[in-house]
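I have placed the structure first, in the form of structure tokens, so that the comments after it can refer back to it.
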Amino acid sequence: MSEVESLGTSTVKVDGLFAELDHLQTRFDEALRTASNAEALEQMRLTYLVRKGELAQFFKRLGELEASERPRVGERLNQLKNAFEAAFNEKSAALAKPKDEGDLIDLTLPGIRRRLGARHPLLQVVDEIKSIFVSMGFAIESGPEAELDYYNFEALNLPPDHPSRDMQDTFYLAIPGVESNKYLLRTHTSPVQIRTMEKHQPPVRIIAPGRVFRRDAPDATHSPIFHQCEGLCVDEGISFADLKGTLLTFAQKLFGPDMKIRFRPGFFPFTEPSAEYDFTCTICRGKGCRTCKNTGWIEISGAGMVHPAVYGFVNYDSERYTGYAWGMGADRLAMLKLGVEDIRMFFDNDVRFLRQF
């Protein structure tokens with residue numbers, strides 16, 4: 001017989017052997033499926049897995065093959081052996097588990113797929129905001145949601161007659177035996193800045209993300225409960241340029257390198273000078289559209305240099321230290337990033353909405 005004829009004959013043998021192995025696996029799987037007790041399982045073991053079983057007979061036939069074909073067939077035999085033993089052990093363990101009387105389990109039934117939960121889309125964006133500022137060297141601080149008037153207003157240089165103290169804006173807490181208007185649900189996370197400065201001397205570089213509460217009627221852009229992330233940086237030689245660089249870096253990391261920011265004059269009792277700041281419209285990328293009222297800009301929030309009067313509440317030397325602070329609505333940023341047009345959708349718990357993210 002020529003070498004070509006020999007190779008052809010060997011290939012035929014190998015193909016036929018693989019077909020027999022496939023048939024063996026089919027018979028083994030069917031026997032395993034129908035084995036409903038220990039006796040049936042033991043009979044199956046004697047048929048397929050012992051030294052003189054059906055699988056072992058195939059190992060003896062390796063000598064009939066050409067030397068070049070043996071590794072391929074041997075690998076297939078070892079795979080079958082391992083698969084048979086693993087399936088047998090799993091079935092054996094399942095049958096060995098104690099059952100309640102009358103408790104029958106059909107092992108052939110498909111499993112029940114459980115739907116996995118996911119991080120809420122709003123909190124996904126909050127996590128991204130925190131991650132960006134942490135990468136820029138800011139620490140994360142937190143504080144109580146039920147706050148003292150002192151930290152929410154007074155220590156932030158908000159005088160008693162300031163409009164934000166009006167009952168229409170603030171949820172005050174009525175506590176028996178405590179003077180009225182002393183406790184409230186915080187209207188911003190700026191109280192965390194005061195609490196942090198009380199505990200730490202400069203340099204201070206923190207963000208304060210969290211829920212805040214205001215007496216706003218719910219609509220597409222307002223909610224009585226929403227999320228803010230306010231920041232503070234105090235050290236020697238801090239300038240307004242540092243504030244601008246921080247917010248520009250943040251905007252470009254969150255929305256892309258083509259983002260720009262602009263500042264407009266503003267007023268806040270706890271910063272001087274104060275500014276409102278805007279980001280490039282995320283919809284039209286500055287070209288002008290209905291969302292940005294054809295200005296190319298989206299208003300974000302306020303910022304400025306920390307007012308020297310605030311340092312007096314925390315015993316900082318205003319002649320030595322300067323700093324900047326800013327605020328931003330995390331819900332608003334999430335709406336811009338995810339293309340959500342109604343803030344109420346974040347709080348409705350509509351699974352059809354949540355599954356999109």
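Among the residues of segment 228-266, how many are within 24 Å of Leu185 (Cβ to Cβ) and out of contact with any Phe, Trp or Tyr (no Cβ under 9 Å at 6 or more places or on another chain)?
1
Checking the structure you have, find out if any residue of segment 106-127 is under 21 Å from Ala303 (Cβ atoms), assigned by TED's automatic domain parsing to the domain that holds Ala330, out of contact with any helix residue (DSSP H, G or I) (no Cβ under 7 Å at 6 or more places or on another chain) and not β-branched (Val, Ile, Thr).
no
Kindly provide the set of residues from segment 141-182 that are small (Gly, Ala, Ser), on the phi < 0 side of the Ramachandran plot and out of contact with any Lys or Arg (no Cβ under 7 Å at 6 or more places or on another chain), ordered by number.
Ser142, Ala146, Ala155, Ser164, Ala174, Ser180
Can you work out which of the residues in segment 284-316 that are farther than 20 Å from Ser190 by Cα and among the charged types (D, E, K, R) is surrounded by the most Cβ atoms within 10 Å (Cβ to Cβ)?
The extreme case among them is Arg285.
Please enumerate the residues belonging to segment 15-36 that are closer than 17 Å to Ala56 by Cα and aliphatic (A, V, I, L, M).
Scanning segment 15-36 gives Leu17, Ala19, Leu21, Leu24.
Looking at this structure, is Gly256 at positive phi, surrounded by fewer than 16 Cβ atoms within 10 Å (Cβ to Cβ), in the same structural domain as His200 (by TED's automatic domain parsing) and free of Cβ contacts under 8 Å to residues at least 12 places away in the same chain?
Spelling it out, Gly256 is indeed at positive phi, surrounded by fewer than 16 Cβ atoms within 10 Å (Cβ to Cβ), in the same structural domain as His200 (by TED's automatic domain parsing) and free of Cβ contacts under 8 Å to residues at least 12 places away in the same chain.
So which residues in segment 177-199 are exposed (fewer than 13 other Cβ atoms within 10 Å of the Cβ) and modelled with pLDDT under 85?
Hits for segment 177-199 are Gly177, Val178, Glu179, Ser180.
Give segment 224-244 a look and list any residue that's crowded, with 22+ Cβ neighbours inside 10 Å and out of contact with any His (no Cβ under 8 Å at 6 or more places or on another chain), or say none.
Residues satisfying the conditions are His227, Cys229, Gly231, Leu232, Cys233, Val234, Leu243.
Any residue in segment 321-330 that is in contact with a helix residue (DSSP H, G or I) (Cβ under 7 Å, 6 or more places away or on another chain) and among the β-branched types (Val, Ile, Thr)?
For segment 321-330, residues in contact with a helix residue (DSSP H, G or I) (Cβ under 7 Å, 6 or more places away or on another chain) and among the β-branched types (Val, Ile, Thr): absent.
The values are calculated or read from the model by the stated rules, or taken from the named source; none is laboratory data. Nothing here was measured: the structure is a model prediction, and the numbers come from that model. In this analysis, Cβ positions are derived from the backbone assuming ideal geometry, glycine residues included, and neighbour counts consider all displayed protein chains.
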